[in-house]
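The values are calculated or read from the model by the stated rules, or taken from the named source; none is laboratory data. Everything quoted here is computed from the prediction, not taken from an experiment. In this analysis, Cβ positions are derived from the backbone assuming ideal geometry, glycine residues included, and neighbour counts consider all displayed protein chains. With ligands, DNA and RNA removed, areas are computed over all heavy atoms of the protein, side chains included. Shrake-Rupley method; radii C 1.70, N 1.55, O 1.52, S 1.80 Å.
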Amino acid sequence: MANEFLIRVYDVGLGDCIYVRIPGESGDNNDAFHMLIDCGTWSSEKLLVAALKQLASELPTAADGEKKRLDLVVVTHEHKDHIAGFDPALWQGFTVGNVWMNCAMNPKHPQAGKTRKVRRVAEKAMAGLASLGPALSPRLAELVSVFEIGNAGAMKALRHALLNGDNEPTYVHAGQTHEDFGIELHPKAKIHILAPELDFDRFYLGEVAQTTLKGVIGTEAFATDDAVETEEGGEHETASPPPMEPVPEPKNIGAAAFRALRARMQSSALAFAELDGKLKNNSSVVLLIEWKDKRFLFVGDAEWHGAFKKKKMNGSWNVMWNERKELLGKPIDFLKIGHHGSENATPWDMGSGEDTEEAKILEAILPLPQAGSKPTARAVVSTERGKYRTIPRGRLLKEIARRVDGVTNYANDLRDYIPKDVADFEAYERDWLKELQPPRTDFERIRNNNGFIDATFD
């Protein structure tokens, strides 16, 4: 109903597409605030198409009397599983009022210049690595495919097409709220931005990593102002590296030397690609939405890296704990489980039982219920087994299930299920099916053929 606060997590395979409806004072759907957090997948585009079709059926008609109205689209960060659905062809039937992107996605943001240098080094390394073709390991081939995606089309849609070319997206950072951008909500609703911090390079790249980067690309190149590249007067976009033919084994060095050279290329490229991936995850827009007396946390793919340390590379969770504890350090009523259930995206002690910073964060936001009590918070994970062996991580989902309501034992529902990758399913799922887990989009699809998971709050 329109007078309920609704969170709808769409099943898009391995990706995020989350609809949030904040009721207005009248309770009428036209008076509600409609927002979408991300629209992407590593899986089938058919799932995205189905999600957007269903979303359109929930939205009010825009002022033009034809299109559907979305008041806000939030793009947490620049990874395919969060932006692949922003194809202009899929959005012709929507009118979007506002687009929020993280400050590091602003190609002109001065405090993310060193981060952009990391990306360019990674892109160059990946382009060279692509020439090795079949010689790549499965992990490296996967990373190369990430850089071959070419986010330029999606980014162009986000920056221009979704807003009909009339306005620019808003680049947001921690400490801001919806009020800073003139957005009107129910008097008892508020949208807080908890991450990323404005000084992105300092908090998430850190001085130590910057020193290493300086040694790789050279002091002079590192010190040069990070000029914004342009193409036909437009902003620099992340582009696909040009296709390259596989490099034949050279005749002027021995086979062993060539293999050693190739290994060094792969090692360097892997290091920069993974660093770029971490920086993108830690650039995620993290939202805390308050409505009446309830708190809802949407974390994108924000990572945790242990305790916060000045001048070091930090995970977004640790920065929030250090900088935004006043808002973060209280129980929440809903958690969008980060990074599809990855172990590096929800703070936890990994079963050690030690008094760590990450254990304190989890206990603060999702405290274990006292003896004789039941948890009341909710959590949902948008995930799909198959691309990464540790996504989702069963032990982590079991731990979260101890702290939330609405959990499920999926063992009977998946008894006759035949997965695409039997070995991975047996190794990483079978032992956890008998354990309680928060609702999962992949298993709910098998269990109920659902296209989404709803969480509603009065």
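List of remarks:
- Within the span defined as segment 338-357, one or more residues are of a type outside the set (D, E, K, R) and without any contact (Cβ under 8 Å) to a residue 12 or more places away in the chain.
- Within segment 366-380, tally of residues that are outside any loop (DSSP other than H, G, I, E, B) and either in contact with a Leu (Cβ under 7 Å, 6 or more places away or on another chain) or farther than 23 Å from residue 17 by Cα (or both): 1
Residue by residue, here is whether (1) surrounded by fewer than 21 Cβ atoms within 10 Å (Cβ to Cβ); (2) more than 25 Å from residue 281 (Cα to Cα) holds:
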position: 324; (1), (2): yes, no
position: 370; (1), (2): yes, yes
position: 374; (1), (2): yes, yes
position: 386; (1), (2): yes, no
position: 394; (1), (2): yes, no
position: 406; (1), (2): yes, yes
position: 410; (1), (2): no, yes
position: 414; (1), (2): yes, yes
position: 426; (1), (2): yes, yes
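- Filter pass, residue 378 being touching a residue at least 60 places away in the same chain (Cβ under 8 Å) and open to solvent by 50 Å² or more (accessible area, probe 1.4 Å): yes
- Restricting segment 341-368 to residues that are crowded, with 21+ Cβ neighbours inside 10 Å and among the small types (Gly, Ala, Ser) leaves a set whose member that is farthest from the chain's Cα centre (by Cα) is 341.
- Criterion: open to solvent by less than 70 Å² (accessible area, probe 1.4 Å) and at pLDDT 75 or above - qualifying residue of 203, 258: 203
- The lone exception for residue 396 - which of (1) touching a residue at least 24 places away in the same chain (Cβ under 8 Å); (2) assigned to a loop (DSSP other than H, G, I, E, B) it fails: (2)
- The residue of segment 52-66 that is farthest from residue 345 (Cα to Cα), among those that are open to solvent by less than 60 Å² (accessible area, probe 1.4 Å) and more than 25 Å from the chain's Cα centre (by Cα), is 65.
- Selection from segment 391-416 of residues that are among the basic types (Lys, Arg) and closer than 24 Å to residue 373 by Cβ: 395, 398, 402, 403
- Annotation: residue 43 fulfils all but one of (1) surrounded by fewer than 20 Cβ atoms within 10 Å (Cβ to Cβ); (2) at pLDDT 95 or above; (3) under 23 Å from residue 298 (Cα atoms); the unmet one is (2).
- Some residue of segment 57-67 being assigned to a loop (DSSP other than H, G, I, E, B) and of a type in the set (Ser, Thr, Tyr): no
- Given (1) part of a loop (DSSP other than H, G, I, E, B); (2) open to solvent by 10 Å² or more (accessible area, probe 1.4 Å), number of the condition residue 300 does not satisfy: (2)
- Among the residues of segment 432-443, the ones that are open to solvent by 20 Å² or more (accessible area, probe 1.4 Å) and either assigned to a strand (DSSP E or B) or closer than 12 Å to residue 414 by Cα (or both) come to 2 in all.
- Filter result (more than 15 Å from residue 447 (Cβ to Cβ), free of Cβ contacts under 8 Å to residues at least 60 places away in the same chain and in contact with a Pro (Cβ under 9 Å, 6 or more places away or on another chain)) within segment 399-425: 401, 402, 403, 405, 425
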